[in-house]
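K.L.:
First the structure, which I've put down as structure tokens, then a few questions once you've had a look.
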């Protein structure tokens, strides 16, 4: 579960940056302390749904937007295997069956060509 806490925190940070907000601005709009928000963004704090709601309102986004991890740059950060698995699942969960089969076949081809470790 710590992986999800980390991904949500990184996503909150990324959304905040996209909206050109400082931590101080978001903290004020959310009614939170800046140091607390910093801990959330680092994934150090396992927040309640009430706190998440405050952050969502401060960012002016829908709650589902916080759980859409497509905007996270997987090449820029170090992610563990479990986090990468969550990111991959998030990427494909809204795709249709044909698109998922295509991705599966591409993955199989890549692993057979470059060897599976």
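Table: residues versus (1) under 21 Å from residue 73 (Cβ atoms); (2) in contact with a strand residue (DSSP E or B) (Cβ under 9 Å, 6 or more places away or on another chain); (3) touching a residue at least 40 places away in the same chain (Cβ under 8 Å).
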{"position": "17", "(1), (2), (3)": "yes, no, no"}
{"position": "26", "(1), (2), (3)": "yes, no, no"}
{"position": "31", "(1), (2), (3)": "no, no, no"}
{"position": "39", "(1), (2), (3)": "no, no, no"}
{"position": "43", "(1), (2), (3)": "yes, no, yes"}
{"position": "46", "(1), (2), (3)": "no, no, yes"}
{"position": "51", "(1), (2), (3)": "no, no, no"}
{"position": "57", "(1), (2), (3)": "no, no, no"}
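K.L.:
Tell me which of these residue 14 doesn't satisfy, since it passes every other one: (1) in contact with a helix residue (DSSP H, G or I) (Cβ under 6 Å, 6 or more places away or on another chain); (2) surrounded by fewer than 16 Cβ atoms within 10 Å (Cβ to Cβ); (3) under 22 Å from residue 86 (Cα atoms).
P.N.:
Residue 14 satisfies all of (1) in contact with a helix residue (DSSP H, G or I) (Cβ under 6 Å, 6 or more places away or on another chain); (2) surrounded by fewer than 16 Cβ atoms within 10 Å (Cβ to Cβ); (3) under 22 Å from residue 86 (Cα atoms) except (1).
K.L.:
Checking the condition part of a loop (DSSP other than H, G, I, E, B) and farther than 30 Å from residue 92 by Cβ, which residue from 72, 37, 32 passes?
P.N.:
Criteria check complete, one pass: 32.
K.L.:
Out of 89, 69, report the one residue that is under 14 Å from residue 4 (Cβ atoms), at pLDDT below 95, surrounded by fewer than 11 Cβ atoms within 10 Å (Cβ to Cβ) and out of contact with any strand residue (DSSP E or B) (no Cβ under 6 Å at 6 or more places or on another chain).
P.N.:
None of the other options fit; the residue is 89.
K.L.:
Now a separate question. Only one of (1) in a loop (DSSP other than H, G, I, E, B); (2) more than 19 Å from residue 2 (Cα to Cα); (3) touching a helix residue (DSSP H, G or I) at 6+ places or on another chain (Cβ under 8 Å); (4) without any contact (Cβ under 8 Å) to a residue 12 or more places away in the chain fails for residue 79. Which number is that?
P.N.:
Evaluating residue 79 over (1) in a loop (DSSP other than H, G, I, E, B); (2) more than 19 Å from residue 2 (Cα to Cα); (3) touching a helix residue (DSSP H, G or I) at 6+ places or on another chain (Cβ under 8 Å); (4) without any contact (Cβ under 8 Å) to a residue 12 or more places away in the chain leaves (2) as the failure.
K.L.:
To continue, here is another question. Please pick out the residue among 34, 22 that is surrounded by fewer than 16 Cβ atoms within 10 Å (Cβ to Cβ) and in contact with a helix residue (DSSP H, G or I) (Cβ under 6 Å, 6 or more places away or on another chain).
P.N.:
On the way: 22 fails: in contact with a helix residue (DSSP H, G or I) (Cβ under 6 Å, 6 or more places away or on another chain).
The conditions single out 34.
The values are calculated or read from the model by the stated rules, or taken from the named source; none is laboratory data. Computed from a predicted model, the values in this text were never measured in an experiment. We place every Cβ from the backbone using ideal geometry, glycine too, and count neighbours over all the protein chains shown.
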